[in-house]
Amino acid sequence: MTKQLLSGNEAFARGAWEAGVAFAAGYPGTPSTEILENVAAHYKDDIYCEWSPNEKVAFEAAAGASFTGVRTLTTMKHVGLNVAADPLMTLAYIGAVGGFVAIVADDPGMHSSQNEQDTRQYARFAKIPIFDPSDSNDAKEFVKLAYEVSEQFNTPVIVRSTTRVSHSRGLVTTNDRVPAKKADFVKEPPRFVPIPMWARQMRVRVEERLGKLQAAASQSPVNTIEWADKKFGVITCGVSYQYVRETFPNVSVLKLGWVYPFPEALIRKFAAEIENVLVIEEGDDFIEGYVKSLGIVCRGKPLFSLYGELSPDALVTAIANDIENNTANKQSVSLSSLTVQTTPKKQPLKTALPQLPARPPVLCPGCPHRGVFHALGRFDVVVTGDIGCYSLGVMPPLSRMDTILCMGGGISLAHGIDKVNNTKKVVGMVGDSTFFHSGMTGLLDIAYNKGGSTIIVVDNRITAMTGHQDNPGSGKTLMGDTTNEASIEEIGKACGIKNIRTIEPRDIKNAVATLKEAIDSNEAWLIVSKAPCPLHLRKPLGPPLKVDEAICKKCNACLKLGCPGLEKAGNQITINQYLCAGCEMCKNVCPAKAIT
């Protein structure tokens with residue numbers, strides 16, 4: 001244990017190293033940039049770190065690494081979290097396995113930013129914890145605590161910095177590193193795949209977790225009361241705590257290091273013994289609004305500005321102009337005299353109809369994605385999926401998708417899992433429209449940072465799941481005009497991917513051979529599975545097929561395709577002539593050649 005003089009950003013990097021982080025990704029943006037620069041400069045022997053093409057990709061890659069059980073870090077500035085908001089909101093549902101921490105640096109006063117934002121609002125929006133350090137030593141210690149909270153409660157955690165915390169220097173007590181864990185993704189689709197039937201259960205768990213987090217926040221040692229003169233008491237957080245201590249050395253202070261969920265019990269305890277409560281915080285009236293919601297009379301905004309930075313001088317000026325003439329007196333608020341009008345509870349509708357059986361969605365007859373999933377079934381790999389029709393590949397009998405996070409995440413999660421040397425190889429999958437939406441940046445990340453995962457773009461030439469809308473690869477605009485048809489293969493080549501192959505997914509034998517070549521390789525591969533959506537074509541791919549009962553061996557190999565056109569009554573398999581699209585995939589997998 002030694003003491004070092006470190007900037008906040010240096011301390012964040014040190015905290016990540018001491019906590020046993022194995023993977024770090026981010027996008028540069030002042031005032032957060034130096035965090036990863038310090039990781040690369042001092043800790044690259046222990047932590048794999050990279051600049052990603054954008055904050056969303058960095059967030060997704062870190063999430064993928066977290067799913068393997070290792071501790072991961074992602075860094076960005078406040079506006080970068082806007083870019084990463086999509087994966088943030090769903091990761092809050094799925095949760096972390098290895099500790100997941102996002103350090104987000106706000107820029108009050110806009111020293112190098114186009115706007116001011118208060119990242120604490122994102123924590124409330126996503127219903128996850130946020131820590132707000134006030135100096136360099138806090139920065140290091142709060143990062144370490146954030147990993148403990150992340151793993152204890154299975155949640156992503158935000159550590160919020162500001163320009164002054166990131167760039168100011170202070171004494172930091174340093175410690176040894178906690179050993180990093182070994183990456184080993186354990187498949188559990190109901191946990192990692194938020195399709196509606198599972199996401200609804202995740203939503204309930206988010207609220208249950210929030211209650212536990214709030215109780216923990218009230219007991220946390222980083223939320224402290226410093227008793228002094230009780231005529232005035234200040235509730236504060238972050239760098240504002242330093243300004244308060246410098247400006248008002250004799251007042252009582254409630255310092256919130258774990259800001260959200262709000263530590264209600266501690267706030268009530270503090271306010272109960274204070275005559276006049278002030279809330280001093282940079283940015284929004286985040287804490288103040290909550291304190292008032294508890295019925296506690298306090299003053300804050302606009303006495304202390306809603307915009308710009310605070311400083312000791314700003315506090316002195318505000319107090320001098322206002323505090324003597326506008327001291328707030330405690331008031332009691334009674335709700336006993338209020339009459340609450342409630343709406344009568346609705347009675348459930350009575351019906352004579354029996355309960356209908358569940359009808360889970362399935363891939364359509366003739367869907368080309370079915371061939372890819374069937375081929376993937378030959379390999380013991382982790383499959384990171386994405387948003388689209390192919391999300392249905394998670395369901396039996398295909399059962400060939402292990403994670404979903406957000407659009408484009410199928411590629412970035414694969415990269416994160418690959419980079420922490422997971423025990424099994426990884427295949428990422430996105431659709432053509434999703435690739436154009438936000439998958440290209442993930443592919444660029446793999447090429448730029450020398451990844452080795454296999455990426456499949458299931459290209460059915462249309463935005464299928466939302467109703468067959470055109471996209472940059474379809475060759476038509478919304479107004480029906482012919483336009484340039486973007487090539488996924490050429491984009492992959494431009495990104496720097498060397499191994500690119502286009503396959504017909506209904507040719508399952510060739511699909512298996514191509515996948516084997518890619519998965520056995522230690523290099524990155526882009527496989528474009530190209531075949532049109534039969535529903536969009538509005539015509540069969542061929543004549544309907546039938547099963548020759550005299551030849552059929554009842555082996556059920558065809559049923560593993562999960563095609564709704566294949567039906568089984570007793571021991572006999574038949575093909576529904578009204579559903580069959582004539583794709584011949586069942587014919588291709590039948591070992592007895594009984595389908596004609």
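The values are calculated or read from the model by the stated rules, or taken from the named source; none is laboratory data. From a predicted model like this one, the values you see are computed outputs, not experimental measurements. Please note: Cβ atoms are built from the backbone with ideal geometry, for glycine as well, and neighbour counts cover all protein chains shown.
Remarks
- Boolean, E55 is touching a residue at least 12 places away in the same chain (Cβ under 8 Å), over 23 Å from M202 (Cα atoms) and within 12 Å of the chain's Cα centre (by Cα): yes
- Of the numbered criteria (1) in contact (Cβ under 8 Å) with a residue 40 or more places away in the chain; (2) over 21 Å from S168 (Cβ atoms); (3) among the polar types (S, T, N, Q), the one T30 fails is (2).
- Qualifying positions in segment 575-596 - outside any loop (DSSP other than H, G, I, E, B) and under 18 Å from H369 (Cα atoms): M585, C586, K587, N588, V589
- Of all residues in segment 251-274 being out of contact with any Gly (no Cβ under 8 Å at 6 or more places or on another chain) and over 27 Å from P108 (Cα atoms), the one that is surrounded by the fewest Cβ atoms within 10 Å (Cβ to Cβ): A272
- Residues of segment 188-228 that are of a type in the set (V, I, T) and without any contact (Cβ under 8 Å) to a residue 12 or more places away in the chain: V204 alone.
- Total residues in segment 443-472 satisfying the condition of being at pLDDT 95 or above, among the small types (G, A, S) and more than 21 Å from the chain's Cα centre (by Cα): the figure is 2.
- Criterion applied to P544, P532, P564 was being over 19 Å from C389 (Cβ atoms) and surrounded by fewer than 20 Cβ atoms within 10 Å (Cβ to Cβ), and the one residue passing it is P544.
- Scanning segment 40-87 for residues that are surrounded by fewer than 24 Cβ atoms within 10 Å (Cβ to Cβ), closer than 18 Å to F125 by Cα and touching a Cys at 6+ places or on another chain (Cβ under 9 Å) gives a single hit, D86.
- Enumeration of residues in segment 515-574 that are within 27 Å of Q469 (Cβ to Cβ) and part of a loop (DSSP other than H, G, I, E, B): A531, P532, C533, R538, K539, P540, L541, G542, G562, C563, P564, G565
- Scanning segment 44-64 for residues that are in a loop (DSSP other than H, G, I, E, B) and touching a strand residue (DSSP E or B) at 6+ places or on another chain (Cβ under 8 Å) turns up D46, I47, S52.
- Considering G496, G467, G475, G480, the condition of being touching a residue at least 40 places away in the same chain (Cβ under 8 Å) and assigned by TED's automatic domain parsing to the domain that holds Y390 is satisfied by G496 alone.
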